[in-house]
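S.K.: Okay, here's the structure, questions in a sec.
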Amino acid sequence: MKFSIITLGCTLNKAEGEIMKNILIKKGYQYIENLDESEILIINTCTVKGPTESKIIKLINNYKDKKLILAGCLVQHQPELFKGYPLIGLDHIDEVDKVLEDYLNGKIDVLIDRKNINKLLLPSVDQYPIKTIILQEGCLWSCLYCATKLARGNARSYPPEYIYKEVRDAKLKGLKIIYFTGTDLATYGYDLNIDLADLLFGLRDIKGEYYVRVGMANPGILNKFIDKLLDSYDNENIFKFFHIPVQSGSNNVLKTMGRGYTIEDFYELIKKIRKRYYEGTIATDIIVGYPTETEEDFKKTLELVENVRFDIINISRYWSRPKTLSYKLYKQLPGRIVKERSRKLKIIFDKYAYERNKEWINWEGYAIVESKGKYENTWIARNYAYKQIIVKSDKNILGKIIKVKINNITSVDLGGELLEIKEENLLEKTLY
């Protein structure tokens, strides 16, 4: 039988979707991209925002003619939304084949209880040249607005030996880009009496041509070992990329969000990162229009963006999520105010990100091609600082090390001239 999977949400969600996909392929089911031709559709859900929930409901209504199975964070968070459908909770993705078989035989399984499984022991599907490795899931915070915590629970980490095995496996398969992902990598190892820096130090024993992108890590815990973490980044196999979600520039908002750190703590993190790895990419997340956010609070967020000059900002309008504390405590701000603040923030970000990207004009160096570009004969490459570089080539250069010269920029990426294609491990050695 033919099946398709739609995954919404983060890199962790996508990794779990790939695991379910591979389990079914190994069981003899045929995976196809074309939804119209599939007989079975698995929707791997996300619970972060209200619009995403609405999109999921729309997908269900649009594909009622298919055998539908629902999985993911929204299923774990609000299973009551999906009565009558087979449900696969976050800790049961290894049973997707059983759920499907039961469904085809007329039985509807609802597997949403919690249990411990090692997802690194499950078969994944690698997307050349990228391998995604799950380090942990869950977090140690209790942010008032966060539905993901309600779905994922407290932080659980996978032991280093399993992660290193996955890295070595990626090398053997020729997968040169490795994403380390999880709900909050700042909490990695909390339950193992180690930390994220310890894990990264261990990569020095794994020689070869591969490049690791470390995923999102929240302030607060990260502040406790940032100096050690920066030391662990002193490795040519690690992209100088830091995804640290600030959410707001106002201490008042951070406090009422339950974020557990001050904006001064965040500035200190940025100061240390920029001192050590100035060119490194700093990404953040900002929530606009939190119910307690005043105009003065929002101005402080604009000031933060002006002062830091982030390379990437994921801007989200606040959406009240059922069962969260903020849902019970606060009334949402008018939509027009939230929309206008989001627009202003985007303008400020574009201005200062463009100014920062201007520093890359005429830079020459090496980068690894990560994926195809949006337009024909374009490719997306990443240099040591994980800057997104758009290059043109009518050759298939996916996974190749290339030398480029930056000749134009936007606020979100760099435009490069392809100078040559390399096979050697030159990505970092040539740059410093």
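So that you can scan it fast, the table gives a plain yes or no per residue for (1) over 26 Å from N237 (Cα atoms); (2) hydrophobic (A, V, I, L, M, F, W, C):
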site	(1), (2)
K331	yes, no
E340	yes, no
W363	no, yes
S371	no, no
D394	yes, no
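S.K.: Restrict the check to region 231-242 and report whether at least one residue is in a helix (DSSP H, G or I), assigned by TED's automatic domain parsing to the domain that holds E279 and touching a residue at least 24 places away in the same chain (Cβ under 8 Å).
M.R.: Yes; the residues of region 231-242 include at least one that is in a helix (DSSP H, G or I), assigned by TED's automatic domain parsing to the domain that holds E279 and touching a residue at least 24 places away in the same chain (Cβ under 8 Å).
S.K.: Show the residue pairs meeting these rules: Cβ distance below 9 Å; 6+ apart or different chains; first residue within region 94-111 and on the phi < 0 side of the Ramachandran plot; second residue part of a helix (DSSP H, G or I) and basic (K, R).
M.R.: D94/K119; V96/K21; D97/K26; D109/K98; L111/K98
S.K.: From the list Y278, Y211, which residue is out of contact with any Cys (no Cβ under 9 Å at 6 or more places or on another chain), within 28 Å of I163 (Cβ to Cβ) and assigned by TED's automatic domain parsing to the domain that holds K173?
M.R.: Going through Y278, Y211 in turn, just one is out of contact with any Cys (no Cβ under 9 Å at 6 or more places or on another chain), within 28 Å of I163 (Cβ to Cβ) and assigned by TED's automatic domain parsing to the domain that holds K173: Y211.
S.K.: State whether the residues of region 66-75 include one that is within 15 Å of R321 (Cα to Cα) and either in contact with an Asp or Glu (Cβ under 7 Å, 6 or more places away or on another chain) or among the small types (G, A, S) (or both).
M.R.: The answer is yes; a qualifying residue exists.
S.K.: Moving on. Having 3 or more residues that are closer than 19 Å to D311 by Cα and either in the same structural domain as I313 (by TED's automatic domain parsing) or in contact with a Ser or Thr (Cβ under 7 Å, 6 or more places away or on another chain) (or both) is the bar; report the strands (runs of 3 or more DSSP E) wholly within region 364-409 that clear it.
M.R.: Hits in region 364-409: none.
S.K.: Across region 380-398, what is the number of residues that are in contact with a strand residue (DSSP E or B) (Cβ under 7 Å, 6 or more places away or on another chain) and touching a residue at least 60 places away in the same chain (Cβ under 8 Å)?
M.R.: So the answer is 5.
S.K.: Still on this structure, I have one more. Tell me the helices (runs of 4 or more DSSP H) entirely within region 28-114 that contain at least 2 residues that are over 23 Å from the mean Cα position of the chain (by Cα) and at pLDDT 95 or above.
M.R.: Hits in region 28-114: 50-62, 96-104.
S.K.: Looking only at region 268-282, how many residues end up being surrounded by fewer than 15 Cβ atoms within 10 Å (Cβ to Cβ) and either touching a strand residue (DSSP E or B) at 6+ places or on another chain (Cβ under 8 Å) or of a type in the set (S, T, Y) (or both)?
M.R.: 1
S.K.: For S142, which of the numbered conditions (1) surrounded by fewer than 24 Cβ atoms within 10 Å (Cβ to Cβ); (2) in contact with a Cys (Cβ under 8 Å, 6 or more places away or on another chain); (3) not hydrophobic (A, V, I, L, M, F, W, C) fails to hold?
M.R.: For S142, the failing item is (2).
S.K.: Take the conditions in contact (Cβ under 8 Å) with a residue 24 or more places away in the chain, buried (at least 18 other Cβ atoms within 10 Å of the Cβ) and closer than 21 Å to D285 by Cα and apply them to D184. Does it pass?
M.R.: Judged against the criteria, D184 is a match.
S.K.: Looking only at region 243-277, how many residues end up being in a strand (DSSP E or B) and over 20 Å from E296 (Cα atoms)?
M.R.: Of the residues in region 243-277, 1 are in a strand (DSSP E or B) and over 20 Å from E296 (Cα atoms).
S.K.: Please go through region 113-139 and give me each residue that is surrounded by fewer than 15 Cβ atoms within 10 Å (Cβ to Cβ) and either touching a strand residue (DSSP E or B) at 6+ places or on another chain (Cβ under 8 Å) or of a type in the set (S, T, N, Q) (or both), ordered by number.
M.R.: N116, N118, Q127
S.K.: How many residues are touching a residue at least 60 places away in the same chain (Cβ under 8 Å) and either surrounded by fewer than 16 Cβ atoms within 10 Å (Cβ to Cβ) or under 19 Å from the mean Cα position of the chain (by Cα) (or both) when one looks only at region 246-258?
M.R.: Residues in region 246-258 being touching a residue at least 60 places away in the same chain (Cβ under 8 Å) and either surrounded by fewer than 16 Cβ atoms within 10 Å (Cβ to Cβ) or under 19 Å from the mean Cα position of the chain (by Cα) (or both): 1 in total.
Residues are listed down the side, and each one gets a yes or a no for (1) more than 15 Å from Y145 (Cβ to Cβ); (2) without any contact (Cβ under 8 Å) to a residue 60 or more places away in the chain; (3) not aromatic (F, W, Y):
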{"site": "E303", "(1), (2), (3)": "yes, yes, yes"}
{"site": "E306", "(1), (2), (3)": "yes, yes, yes"}
{"site": "R309", "(1), (2), (3)": "yes, yes, yes"}
{"site": "S316", "(1), (2), (3)": "no, no, yes"}
{"site": "R321", "(1), (2), (3)": "no, no, yes"}
{"site": "Q332", "(1), (2), (3)": "no, yes, yes"}
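S.K.: Return the residue satisfying two criteria in turn: it lies in region 151-181 and is touching a Cys at 6+ places or on another chain (Cβ under 9 Å) and assigned to a loop (DSSP other than H, G, I, E, B), and of such residues it is farthest from K240 (Cα to Cα).
M.R.: G153
The values are calculated or read from the model by the stated rules, or taken from the named source; none is laboratory data. Remember, predicted model here, so these are calculated numbers, not experimental data. Here Cβ is always computed from backbone atoms with ideal geometry, including for glycine, and neighbour counts include all displayed protein chains.
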